[in-house]
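The values are calculated or read from the model by the stated rules, or taken from the named source; none is laboratory data. As the structure is a prediction and not an experimental result, all values here were calculated from the model. Note: ideal-geometry Cβ built from the backbone for every residue, glycine included; neighbour counts use all protein chains shown. For accessibility, only protein heavy atoms count, side chains too; no ligands or nucleic acids. Shrake-Rupley method; radii C 1.70, N 1.55, O 1.52, S 1.80 Å.
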Amino acid sequence: MRRLASLVALPVNLSNEMTKMKSNRVPRQKMAGAFPTIECIPYEGPKSTNPLAFKHYNAGEIVEGRTMREHLRFSVVYWHTFRGAGSDPFGAGTMLRPWDDGSNTVSNAQNRVRAAFEFIEKLGAPYYAWHDRDVAPEGKTLAETNKNFDAVAKILKEEQKRTGIKLLWGTANLFSHPRFVHGASTSSNADVFAFAVAQVKKALEVSHELGGEGYTFWGGREGYMTLLNTDMKREREHLAKFLHLAVAYKKQIGFQGQFYIEPKPKEPTKHQYDSDAAACLNFLREFDLLPHFKLNIEANHATLAGHTMQHELEVAGSAGALGSIDANTGDELLGWDTDQFPTNIYLAAYTMLSVLKYGGLQTGGVNFDAKVRRESFEPVDLFYAHIGGMDAFARGLKIAAAIRQDGRLAEFVKQRYASWDSGIGAKIESGKASLKEIEAYILKKGDVAKNVSGRQEFLENLINEFI
């Protein structure tokens with residue numbers, strides 16, 4: 001395997017950030033390390049040609065009153081990064097992972113945790129996220145599985161304490177095992193519902209024990225393949241009952257983390273009940289769950305739903321329900337969830353424009369639910385991928401902040417809706433104008449006031465000034 005030269009020392013600003021992360025550490029077991037030739041990734045600035053250095057993500061740099069680290073709250077996902085084998089429907093896995101012996105044992109899972117935290121620590125990301133079945137092997141019974149989970153969670157807790165890295169959110173894998181063939185909370189089999197409840201109970205307990213800042217529900221198979229065998233009303237009601245049970249247990253154990261719903265329209269089902277942000281919000285309102293949940297918006301899922309990432313962020317943000325982001329992208333020529341790392345500066349800039357508009361990320365983060373390509377199989381490719389994504393979002397943050405400071409875009413939008421700020425527009429918005437009064441107003445006026453151009457091309461040119 002190709003070895004890499006050691007890197008230069010950290011600059012002061014990033015060094016200070018890393019020092020904060022290293023507080024309250026405990027001694028680490030002696031081991032060769034999963035990435036022995038790679039040091040902590042430094043910030044070297046836009047002129048650097050070092051592929052193992054940040055060009056734009058300067059963790060301590062202040063943007064709109066907060067550091068980049070506080071704005072972006074980067075998170076590394078456990079499933080793709082440390083469990084992804086690189087397999088696809090046409091071939092076996094390709095990933096070279098020297099720290100993983102391939103066995104489905106607790107000891108191997110524990111070694112994997114240490115490798116994961118070495119990577120996250122050297123990358124400088126403050127958070128990580130997991131599915132329960134990513135971090136610990138499933139046993140022959142639920143009791144055995146829970147025991148395995150506890151054994152690995154012990155190492156997760158040790159590594160969190162050693163590094164200062166935090167759990168952004170946990171979640172339960174309720175879609176991979178054959179028992180979930182018909183769904184989990186929406187299964188036609190009541191025993192499967194019960195199993196899913198028990199699994200989420202344990203995942204919530206472990207998330208709480210590890211100080212998780214949230215917990216995410218993704219309905220991997222909560223939907224249908226055909227309506228011929230589906231009682232949709234009953235299934236949606238069961239999903240609501242499932243979530244209410246989780247809310248009640250969260251209160252019971254004192255878990256303070258934010259609950260999230262993650263929209264996705266399809267895959268692996270034909271139609272999922274959490275199909276997009278609007279559908280999720282409607283479901284949460286219908287079943288009196290909205291006070292307990294925010295949305296975790298994923299770029300690739302937005303694409304599958306026929307929307308842009310910015311559209312989904314605006315739908316969530318305008319409802320006060322924007323919680324977290326899964327940062328990835330899809331291939332416009334492929335109609336499935338490719339989970340590629342985000343390198344599109346326009347995507348990152350538009351995303352951060354909406355995030356900043358709604359007050360920034362408070363409980364969630366920029367979570368890299370992304371995987372290296374099957375052809376990028378060496379361990380160092382994990383660094384290249386995450387560095388690229390972090391730099392893209394750092395640029396997006398700076399561009400969005402510059403556009404906001406410039407003010408022309410916001411002023412254009414304000415002027416476009418100026419007719420609503422006084423006169424009949426203000427009365428309508430305030431609810432003080434009746435239908436009859438509105439009719440009288442327009443009859444007297446005779447016709448509408450002259451419309452003004454939307455100037456889309458002008459605004460697109462304006463955005464290009466900053467990129």
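Within region 449-467, if we keep just the residues that are among the β-branched types (V, I, T) and under 15 Å from I345 (Cβ atoms), the residue that is most open to solvent (accessible area, probe 1.4 Å) turns out to be I467. The residue of region 57-77 that is surrounded by the most Cβ atoms within 10 Å (Cβ to Cβ), among those that are touching a residue at least 24 places away in the same chain (Cβ under 8 Å) and farther than 19 Å from L167 by Cα, is Y57.
Restricting region 78-123 to residues that are under 21 Å from the mean Cα position of the chain (by Cα) and among the aromatic types (F, W, Y) leaves a set whose member that is nearest to D339 (Cα to Cα) is W79.
Considering region 94-106, the residues that are touching a residue at least 24 places away in the same chain (Cβ under 8 Å) and farther than 12 Å from V135 by Cβ include one that is surrounded by the fewest Cβ atoms within 10 Å (Cβ to Cβ), namely N104. Set side by side, the residues V372, V355 differ, and just one is among the β-branched types (V, I, T), in contact with a helix residue (DSSP H, G or I) (Cβ under 6 Å, 6 or more places away or on another chain) and at pLDDT 95 or above, which is V372.
Scanning region 412-448 for residues that are open to solvent by 80 Å² or more (accessible area, probe 1.4 Å), aromatic (F, W, Y), in a helix (DSSP H, G or I) and closer than 30 Å to I463 by Cβ turns up just one, W420.
How many residues does region 289-298 contain that are open to solvent by 10 Å² or more (accessible area, probe 1.4 Å) and touching a residue at least 12 places away in the same chain (Cβ under 8 Å)?
Of region 289-298, the ones open to solvent by 10 Å² or more (accessible area, probe 1.4 Å) are 290-292, 294.
This time we only want the ones that are touching a residue at least 12 places away in the same chain (Cβ under 8 Å), so: 290, 292, 294.
Number satisfying all stated conditions: 3.
Just so you know, in region 378-411 the residues that are open to solvent by less than 70 Å² (accessible area, probe 1.4 Å) and among the acidic types (D, E) include one that is farthest from Q258 (Cα to Cα), and it is E378. For region 144-191, how many residues are among the aliphatic types (A, V, I, L, M), buried (at least 18 other Cβ atoms within 10 Å of the Cβ) and either closer than 30 Å to N229 by Cα or touching a strand residue (DSSP E or B) at 6+ places or on another chain (Cβ under 7 Å) (or both)? Here the count works out to 6. Limited to region 152-211, what total is found for residues that are of a type in the set (A, V, I, L, M, F, W, C) and assigned to a loop (DSSP other than H, G, I, E, B)? Total meeting the criteria: 7. Please enumerate the residues belonging to region 203-261 that are aromatic (F, W, Y) and open to solvent by 30 Å² or more (accessible area, probe 1.4 Å). W218, Y224, Y249 - these are the residues of region 203-261 that are aromatic (F, W, Y) and open to solvent by 30 Å² or more (accessible area, probe 1.4 Å).
The rows are residues; the columns are (1) in a loop (DSSP other than H, G, I, E, B); (2) of a type in the set (G, A, S).
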{"position": "R236", "(1), (2)": "no, no"}
{"position": "L239", "(1), (2)": "no, no"}
{"position": "L245", "(1), (2)": "no, no"}
{"position": "Y249", "(1), (2)": "no, no"}
{"position": "P263", "(1), (2)": "yes, no"}
{"position": "E267", "(1), (2)": "yes, no"}
{"position": "S275", "(1), (2)": "yes, yes"}
{"position": "I297", "(1), (2)": "no, no"}
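Among residues that are surrounded by 15 or more Cβ atoms within 10 Å (Cβ to Cβ), under 22 Å from K166 (Cα atoms), modelled with pLDDT of 95 or more and of a type in the set (A, V, I, L, M), A109 is included.
Could you tell me whether any residue of region 365-377 is in contact (Cβ under 8 Å) with a residue 24 or more places away in the chain, open to solvent by 60 Å² or more (accessible area, probe 1.4 Å) and not in a loop (DSSP other than H, G, I, E, B)? So that I can check it myself, show each step before the final result.
Of all residues in region 365-377, those in contact (Cβ under 8 Å) with a residue 24 or more places away in the chain come to 365-375, 377.
Filter again for open to solvent by 60 Å² or more (accessible area, probe 1.4 Å), leaving 371, 373-375, 377.
Of the ones still in play, those that are also not in a loop (DSSP other than H, G, I, E, B) are none.
Looking through region 365-377, none of the residues is in contact (Cβ under 8 Å) with a residue 24 or more places away in the chain, open to solvent by 60 Å² or more (accessible area, probe 1.4 Å) and not in a loop (DSSP other than H, G, I, E, B).
Suppose we filter P89, P51 for residues that are within 20 Å of R373 (Cα to Cα), free of Cβ contacts under 8 Å to residues at least 40 places away in the same chain and either touching an Asp or Glu at 6+ places or on another chain (Cβ under 7 Å) or open to solvent by 10 Å² or more (accessible area, probe 1.4 Å) (or both); which single one remains?
P89
Just give me the residues in region 319-350 being crowded, with 20+ Cβ neighbours inside 10 Å, of a type in the set (S, T, Y) and either in contact with a Gly (Cβ under 6 Å, 6 or more places away or on another chain) or under 16 Å from H80 (Cα atoms) (or both), in sequence order. Passing the criteria: S324, T329.
Residues of region 318-364 being outside any loop (DSSP other than H, G, I, E, B), under 15 Å from the mean Cα position of the chain (by Cα) and not hydroxyl-bearing (S, T, Y), which ones? Answer for region 318-364, where residues must be outside any loop (DSSP other than H, G, I, E, B), under 15 Å from the mean Cα position of the chain (by Cα) and not hydroxyl-bearing (S, T, Y): L322, G323, I325, D326, Q340, L347, A348, M352, V355.
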